[in-house]
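What follows is a set of notes on a single structure, which appears directly below.
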Amino acid sequence: MPLLDIQNLSVAFQTRSGVFSAVTDIHLTLDKGEVLGVVGESGSGKSVTMLAMMGLLPWNAQVTADRFSFDDQDMLSMPEKARRRLTGNDIAMIFQEPTTSLNPSFTIGFQIIEALKIHEGGSRRQRRERAIELLDKVGIPAPAKRLGDYPHQLSGGMNQRVMIAMAIACNPRLLIADEPTTALDVTIQAQILDLLLELQQERGMAMILITHDMGVVAEAAERVAVMYAGQLVETGTAGDVFHHPRHPYTGALLNALPERHPGQGRLPTIPGVVPGIEDRPQGCLFNPRCPHVQEDCRQTRPALESDHSTGSSHDVFKKVRCYHPLVAQEQGEVAP
Amino acid sequence: MLTFLLRKLALLVPTFLGVTIITFALVHLIPGDPVAIMAGERGIDPERHAQLLHELGLDRPIWQQYFDFLWRLLHGDLGRSLVTHNSVFDEFLALFPATLELSICAMVFALVLGIPLGVLAGVKRGSIIDHTVMGTALTGYSMPIFWWGLLLIIFFSGVLGWTPVSGRLSSMFWIETPTGFMLIDTLLSKEPGAFVDAIRHLILPSIVLGTIPLAVIARMTRSSILEVLGEDYIRTARAKGLAPFRVIAVHALRNAMIPVTTVIGLQVGVLFAGAILTETIFSWPGVGKWLIDSVSRRDYPSLQGGILLIATLVMLVNLTVDLLYGLINPRIRHNR
């Protein structure tokens, strides 16, 4: 039984001018201790999906799913209070902007201890000790002294470490990291990523790593889900997706990696932008930007279907949403 | 911190000088002179009139009178009332507790209602609660104090007979007033019923005087809360699994109160201005009523002194608010 099991999840937003669906038809499963990379451009619905898992969407969001369970508990029918006992305790999340994600008016000690207080209890002294231990764990020097510091006194990298300490405070079984390194200096990015992976290994946490950096996914994830305009377009093991991308969008994303074009002047790009929530095209959502578009792509929307053409045929996770998936020769164009 | 304080104090000097010029000019712009007023309807012999003006020093050029006033002020002398011949400062000091007591009660009323209502309106934005609170606030803000006061007196004192019409204490009580604060003095007097009677006298004037600050505070709190609720750290707080009440009361409110504090400080000036009208309506024996009486008697020294003292108080309150800032906003505390 997987730790996280999501079948056919959709999120729609109710607005004055109607209902807009932000993400549709999301299928994700995650086992204990597994790392899943979720990639896609801005606006592809990565964050909305994760916020739905945390129950942090605004009130006008409608979440529906055939199955949405964590540790065999149904998240949709669960009362609000029970849900909050899971949030921050069994499922924790860290965000993109560490500096604005911490409350500027409270010390980092207060903010870490608060999480411990509501989920674990214990004496004041125990909680303090534990907070120091956590700060030490995430690599903050002189942790006891740092407890009384405010977020503005620390650097972005340090703040992200504090966020991580806060997230792992209650030993979550699933950690969702929403572009944890995007806002940081390049030198710090690697450190934070290493720290996350180290903690994930050590604690056997499952982790969902959201990013638009394919390099990060390649380094960290066992499995990959590629999202585009609120849909999954391709899922598979990291090796499979990287070496044998089937969806033209995945192919194009990989093709845009600088390391695949050493010494060349201009990098290939994907023309156009992700369609907004209100102007999604008929047919395949990627068709206006797809180099391999054909007539049927413009008519009906393809479904996410199992794909056994490449890689290990027994991999049930390998799925693609395309009428004309890339074949070996086209994959060769993008693979090194 | 020390340089900040010194800079703020240095800024008080030109402000203070400006206030002396304005009060002096305004007071002398009022038509008529104290001698003519004292003489009353029967009039006075022009020779005697000129002689009295000379005795009071009011026949000299206006700038000489101003510098004379300023010179005595620098020696800590506010002069003596032309009518009672008592020291202006002593008269002010005797009446000020009544005004202060009323102002404090009005402010407490404004804060206790204004902040929760503002938070409620902000959290339930767009709801009936929001529209009701904001509509009422706008009405309250636009309501002229004298009219609002009369309405309340007619309804609660006249029709319902719940509250007394005027004064600070019913004439059936005779108590010592060592502090000048009726609530404290009635408690000290151990006179049965006196304390409750003092409270009953305070209710209507406090509501009347507190209405405008209440409206301003509620509106400011609402917009401030709305802004803060969109911040990343609120999402973080929710991601910890905190109950909605705690997210708002702890994480949002602390940050939302920063701009509200400034507004509260500015309302102190509004409060004193309002006290003049409120005290007149309710025959409240405070500084406001004393100033109105001084205007009609053309008691120049009392007017100048009284206005100057109030202006100084308002300046000091605003300075204190500036300093208090650091207490609720750690970013300011450390940046100085």
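Considering the conditions (1) more than 14 Å from chain A (Cβ to nearest Cβ); (2) within 26 Å of residue A:80 (Cα to Cα), residue B:270 is excluded by exactly one of them, (2).
For residue B:283, the stated conditions hold: it is more than 14 Å from chain A (Cβ to nearest Cβ), over 18 Å from residue B:110 (Cβ atoms), not basic (Lys, Arg) and not in a helix (DSSP H, G or I). In summary, residue B:245 fulfils each of the numbered conditions (1) under 21 Å from residue B:110 (Cα atoms); (2) more than 19 Å from the chain's Cα centre (by Cα) with the single exception of condition (1).
Tallying residues that are crowded, with 16+ Cβ neighbours inside 10 Å, part of a helix (DSSP H, G or I) and of a type outside the set (A, V, I, L, M, F, W, C) within the stretch B:74-95 yields 1.
Condition test on residue A:256, is it outside the structural domain of residue A:23 (by TED's automatic domain parsing), in contact with a strand residue (DSSP E or B) (Cβ under 9 Å, 6 or more places away or on another chain) and surrounded by fewer than 21 Cβ atoms within 10 Å (Cβ to Cβ)? Write out each step before concluding.
On the way: outside the structural domain of residue A:23 (by TED's automatic domain parsing): yes; in contact with a strand residue (DSSP E or B) (Cβ under 9 Å, 6 or more places away or on another chain): no; surrounded by fewer than 21 Cβ atoms within 10 Å (Cβ to Cβ): yes.
No.
The set of residues in the stretch B:258-277 being buried (at least 22 other Cβ atoms within 10 Å of the Cβ) and under 30 Å from residue A:159 (Cα atoms) consists of B:260 alone.
To keep it simple, each residue is scored yes or no on (1) touching a residue at least 40 places away in the same chain (Cβ under 8 Å); (2) over 30 Å from residue B:282 (Cα atoms); (3) basic (Lys, Arg).
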residue: B:38; (1), (2), (3): yes, no, no
residue: B:46; (1), (2), (3): no, yes, no
residue: B:57; (1), (2), (3): no, yes, no
residue: B:64; (1), (2), (3): no, yes, no
residue: B:70; (1), (2), (3): yes, yes, no
residue: B:95; (1), (2), (3): yes, no, no
residue: B:102; (1), (2), (3): yes, no, no
residue: B:117; (1), (2), (3): yes, no, no
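Within the stretch A:46-100, if we keep just the residues that are free of Cβ contacts under 8 Å to residues at least 60 places away in the same chain and of a type in the set (Val, Ile, Thr), the residue that is farthest from the other protein chains (Cβ to nearest Cβ) turns out to be A:64. Among A:89, A:103, A:159, which is the only one that is under 26 Å from residue A:212 (Cα atoms) and not basic (Lys, Arg)? Result: A:159 is the single residue among A:89, A:103, A:159 that is under 26 Å from residue A:212 (Cα atoms) and not basic (Lys, Arg).
Contact map, the stretch B:144-161: residues that are hydroxyl-bearing (Ser, Thr, Tyr) paired with residues that are surrounded by 12 or more Cβ atoms within 10 Å (Cβ to Cβ), Cβ distance under 6 Å, separation 6+ or inter-chain. Pairs shown: B:157/B:163; B:157/B:165.
Scanning the stretch B:293-332 for residues that are within 14 Å of chain A (Cβ to nearest Cβ), free of Cβ contacts under 8 Å to residues at least 60 places away in the same chain and not hydrophobic (A, V, I, L, M, F, W, C) yields B:330, B:331. Residues in the stretch A:253-267 that are assigned to a helix (DSSP H, G or I) and out of contact with any helix residue (DSSP H, G or I) (no Cβ under 8 Å at 6 or more places or on another chain): A:258 only.
Here's the yes/no breakdown for (1) at pLDDT below 80; (2) of a type in the set (A, V, I, L, M):
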site: B:33; (1), (2): yes, no
site: B:37; (1), (2): yes, yes
site: B:47; (1), (2): no, no
site: B:61; (1), (2): no, no
site: B:75; (1), (2): no, no
site: B:87; (1), (2): no, no
site: B:92; (1), (2): no, no
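Among the residues making up the stretch A:177-206, those that are in contact (Cβ under 8 Å) with a residue 40 or more places away in the chain and under 25 Å from residue A:274 (Cβ atoms) are A:177, A:178, A:179, A:180, A:182, A:183, A:184. Within the stretch B:212-224, can one find any residue that is more than 29 Å from the chain's Cα centre (by Cα), farther than 26 Å from residue A:82 by Cβ and hydrophobic (A, V, I, L, M, F, W, C)? No; the residues of the stretch B:212-224 include none that is more than 29 Å from the chain's Cα centre (by Cα), farther than 26 Å from residue A:82 by Cβ and hydrophobic (A, V, I, L, M, F, W, C).
Criterion first (surrounded by fewer than 16 Cβ atoms within 10 Å (Cβ to Cβ), more than 13 Å from chain B (Cβ to nearest Cβ) and either at positive phi or in contact (Cβ under 8 Å) with a residue 60 or more places away in the chain (or both)) does residue A:121 satisfy it?
Taking the combined requirement at face value, the residue satisfies it.
Here the stretch A:216-244 is the region considered, the condition is being of a type in the set (Ser, Thr, Tyr) and within 22 Å of residue A:289 (Cα to Cα), and the residue that is surrounded by the fewest Cβ atoms within 10 Å (Cβ to Cβ) is A:228.
Looking at the stretch B:280-290, can you tell me whether even one residue there is on the phi > 0 side of the Ramachandran plot and either touching a His at 6+ places or on another chain (Cβ under 6 Å) or not charged (D, E, K, R) (or both)?
Restricting attention to the stretch B:280-290, the residues satisfying the condition of being on the phi > 0 side of the Ramachandran plot are B:283.
With the extra rule that they be either touching a His at 6+ places or on another chain (Cβ under 6 Å) or not charged (D, E, K, R) (or both), the set shrinks to B:283.
Yes; the residues of the stretch B:280-290 include at least one that is on the phi > 0 side of the Ramachandran plot and either touching a His at 6+ places or on another chain (Cβ under 6 Å) or not charged (D, E, K, R) (or both).
When the residues of the stretch B:240-251 are narrowed to those that are aliphatic (A, V, I, L, M) and more than 9 Å from chain A (Cβ to nearest Cβ), which ends up farthest from residue B:223 (Cα to Cα)? Among them, the one singled out is B:247.
Taken over the stretch A:101-117, the criterion of being within 7 Å of another protein chain (Cβ to nearest Cβ) and either surrounded by fewer than 18 Cβ atoms within 10 Å (Cβ to Cβ) or small (Gly, Ala, Ser) (or both) is satisfied by A:101, A:104, A:105, A:115.
The values are calculated or read from the model by the stated rules, or taken from the named source; none is laboratory data. What you are looking at is a predicted structure, and each value in this text was computed from that prediction instead of being measured. Cβ sites come from the backbone with ideal geometry, for glycine too, and all protein chains shown count toward neighbours.
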